[in-house]
Amino acid sequence: MSAPVFHRFASLASTQDLAHELAGQGAPAATVVVASEQTKGRGTRGREWSSGAGGLWLTVILRPTAPPALEGLSLRVGMRLAAALEAAAGVPIGVKWPNDLIARDRKLAGILCEARWLGDRPGWVAVGVGVNVANPIPSELADQAIRLADLGYSGGPETLAETAAAAVIAAGEAGGSLSDAELAEFDRRDWLRGRQVDQPVAGTVAGLAPDGRLVVLGADGARRLVAAPVSLPGLAPGGGSR
């Protein structure tokens, strides 16, 4: 596994944006950008992410040799990161497909994978990780987000940076469909399994396909594979970093 090379900052607009800039300038795989706080942190689908001091905000550059499957990569990062944070906090941590970590039914962490192409080949993937550690949670997200500090973890974000970077790098070295062992690990952590969703299709979540798509069983018993983000009736999007 490639050894990470860290670039640490007290404050950045976005670790994700700087990682893309560095990658475009030739930064190698396993380059890691870490900031104590982000002033313009962003998540999936352009959502703003509150990422103040006290949280873990980092992005790792990967340089895959084959076209990346971002859904599978996000899940692989999520499973490895969940295991690491579970060991640190001592409480169960689930994975909410496709890119969130959940503790006590609230969002603890998020993952953002963005690929850039050089012609017809992949140039790099920037994998952003945001973990609520001891950072302030906005009042409007207090019932949706949770921090490691709320789970009894007394360390700071700096002690988790190398662990999180290693999780991303290891996930990036795996490729292809999810293995039977990975599917079993996801099944153990699957926060959505058995829950009802209403978009983009209505039905009950029934696990994960090897290509990373979500399996949803409709009321008619039909099995559908979903790649688009799902929504749960009456559940607002969780707060957090990515």
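Just so you know, all these numbers are worked out from the coordinates, no wet-lab data involved. All figures in this text were calculated on a predicted structure; none of them were measured in a lab. When we count neighbours, we look across all protein chains shown, and the Cβ atoms used for this are built from the backbone with ideal geometry, even at glycine.
Provide Asp150, Asp211 in ascending order of the number of other Cβ atoms located within 10 Å of each residue's Cβ, fewest first. Please report the intermediate quantities before stating the final value.
Values: Asp150 17, Asp211 13.
Final ranking by Cβ density, sparse to dense: Asp211, Asp150.
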Cβ-based charge dipole, the chain, positive-most Cα from Gly90, Gly212, Leu12: Gly212
Taking amide hydrogens as modeled 1.01 Å from N in the peptide plane, which residues meet the under 5 Å criterion relative to Gly212, leaving out close sequence neighbours? Leu178
Simple Cβ-charge dipole of the range 5-176, Lys/Arg +1 and Asp/Glu -1, about Cα centre, in debye nearest 20: 180 debye
Karplus (6.51, -1.76, 1.60) ³J(HN,Hα), θ = phi - 60°, over the range 157-174, in Hz, Gly and Pro reported as x: x, 5, 6, 9, 4, 5, 5, 5, 4, 4, 4, 5, 4, 4, 5, x, 7, 8
Using a 7 Å offset from the Cα along the Cα-to-Cβ direction at both Ala174 and Thr39, what is the distance between the two label points in nm, to one decimal? 3.8 nm
Please report, to two decimal places, log10 I(q)/I(0) for the chain at q = 0.08, 0.09, 0.14, 0.18 Å⁻¹ as given by the Debye formula with identical point scatterers on the Cα atoms and no solvent. -0.28, -0.35, -0.88, -1.43
Kindly state, to the nearest 0.05, the FRET efficiency for Ser231 paired with Arg188, given R0 = 25 Å and r defined as their beta-carbon distance. 0.55
At Gln196 and Glu21, where each label point lies 7 Å from the Cα along Cα→Cβ, what is the point-to-point distance in nanometres? 4.8 nm
Provide the per-residue ³J(HN,Hα) series for the range 104-121, in order, calculated from phi with Karplus coefficients 6.51, -1.76, 1.60 and θ = phi - 60°, each as a whole number of Hz, with x at glycine and proline positions. 6, 6, 10, 6, 9, 8, x, 10, 10, 10, 10, 9, 10, 10, 10, x, 9, 10
